[in-house]
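Just below is one structure, and these are the notes that go with it.
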Amino acid sequence: MPPGFVEQVWKFISDYEKYPGGMRVMLRRSRELQPRLSTILSTRHLPEAFCHVAWVESGLDPMQRSPVGAVGLWQLMPAVAREHHLRVNEADLRQDDRTNIDRSTTAAADYVATLLRDQGPEYFMLVLASYNRGPGALDRAKQKVQDPMLSATRKYWYLVEHNLLPEETRNYVPKIFAVRLVAEAPERFGFEPR
């Protein structure tokens, strides 16, 4: 683990404590959504921790739309959505499967499961970063690792330590950890239990 990672996680937790509105909304939404997401992820043999990607991606808002065209809880781009058999309708999000909680969660789980099968479970941290940045960008970044014998579990940390990932992506994994810590014990951080 690179120096500063734990501190980065705690900084994001501190931000949630200082500006609690967004976390309160996510915790409230999670009461209904988390059991559904967990059930779907378990059918794809993914850990419940992956649910927290949706917290970071969309604030658990199934109607969330990004400026670059990603939509839904999981912020799926149109091409990824279509690749996973979702109907995409940018003109009417009510007709867009990316806003359907169950269908989009199944597609996101299948997408991550494919990345894990392609990369290997030891690349879990890279797969999380890849969800944010895209698998092609991560593959290009991995090519910059100088030591071809560097263990798979160290590659993510190497990319972070050497600033070979954009800042948004370097912050992405610590944010997921921060959200997970707050979600698992909200009262510890001054929030009402889920």
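The values are calculated or read from the model by the stated rules, or taken from the named source; none is laboratory data. The shown structure was predicted, so the numbers you read here are calculated from the model rather than taken from an experiment. So basically every Cβ, Gly included, is an ideal-geometry build from the backbone, and we count neighbours across all protein chains shown. Just the protein is used for accessible areas: all its heavy atoms, side chains included, with ligands, DNA and RNA removed. Shrake-Rupley method; radii C 1.70, N 1.55, O 1.52, S 1.80 Å.
For the chain, with only Lys/Arg (+1) and Asp/Glu (-1) charged at the beta-carbon, what is the dipole magnitude about the Cα centre, in debye rounded to 20?
60
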With each label point set 7 Å from Cα along the Cα-Cβ vector, what nm distance links ARG154 and ARG36?
4.4
Percentage, to the nearest whole number, of Cα pairs in region 110-194 over 19 Å apart
43
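For region 20-61, what is the accessible area per residue in Å², given a 1.4 Å probe and the full set of protein chains?
43
If you rank MET26, MET77 by how much accessible surface each has, with a 1.4 Å probe, what is the order from largest down?
MET77, MET26
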Carbon + sulfur, % of accessible area of the chain - ligands and nucleic acids excluded, 1.4 Å
51
Restricting to lysines 8 or more places apart or on different chains, can you count the pairs in the chain with Cα atoms under 26 Å from each other?
8
LEU86 accessible area, assembled protein chains, probe 1.4 Å, Å²
20
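For region 1-94, which trypsin sites (Lys or Arg not before Pro) are both in a DSSP coil and crowded by at most 15 other Cβ atoms within 10 Å? Working shown, then result.
On the way: sites: LYS11, LYS18, ARG24, ARG28, ARG29, ARG31, ARG36, ARG44, ARG65, ARG82, ARG87, ARG94; in loops: ARG44, ARG87.
Sparse-neighbourhood loop trypsin sites (Lys or Arg not before Pro): ARG87.
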Please list ILE13, ILE40 in order of solvent-accessible area, largest first, computed with a 1.4 Å probe with all protein chains present.
ILE40, ILE13
For ARG117 and HIS85, compute 0.36 nm times the residue count separating them, minus their Cα-Cα distance, and round to one decimal in nm.
9.6 nm
Whether the chain is rounded, prolate or oblate, judged on the alpha carbon gyration tensor where a/c under 1.5 counts as rounded:
oblate
If a paramagnetic tag sat 7 Å from the Cα of HIS45 along the Cα-Cβ line, which residues of region 117-149 would have the backbone N under 13 Å from that point?
117-118, 120-122
Pairwise centroid distance, computed over Cα atoms, of region 2-51 with region 78-126, Å
19
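Please report the relative contact order for the chain, taking Cα pairs under 8 Å with a sequence separation of at least 6, and give it as a percent rounded to a whole number. Present the calculation step by step, with values, prior to reporting the outcome.
On the way: 220 pairs, mean separation 44.6, N = 194.
About 23 percent, as a whole number.
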